[in-house]
């Protein structure tokens, strides 16, 4: 039987062997009944959420987009045409050229 020279490598080896020997195989993810119950819950609660907007989808070649909105009676498709903003952009090059104000002096 060989003896380990460095004590640290012996300790690491013993720790590794004990960890591998004590682990158990993982259990299965679920049974067919679990999946059927999950699908039934999804069907039951999916209709409880109303006025939920789906992801927006761009209409090619335009600035418009559409999305699906869920409601009590089913789904409704909404087409949106955004209006051009009448406000100037938040910052201009002139405002960027001005120096920032100095903070007040702390007594």
So in the range 80-101, with the set limited to residues that are modelled with pLDDT of 75 or more and exposed (fewer than 10 other Cβ atoms within 10 Å of the Cβ), which one is farthest from the chain's Cα centre (by Cα)?
83
Residue by residue through the range 29-38, note down the ones that are loosely packed, with under 10 Cβ neighbours inside 10 Å and under 25 Å from the mean Cα position of the chain (by Cα).
29
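The values are calculated or read from the model by the stated rules, or taken from the named source; none is laboratory data. Please read all numbers here as calculations on a predicted model, not as lab measurements. Ideal geometry is used to build each Cβ from the backbone, glycine not excepted, and the neighbour counts take in all protein chains shown.
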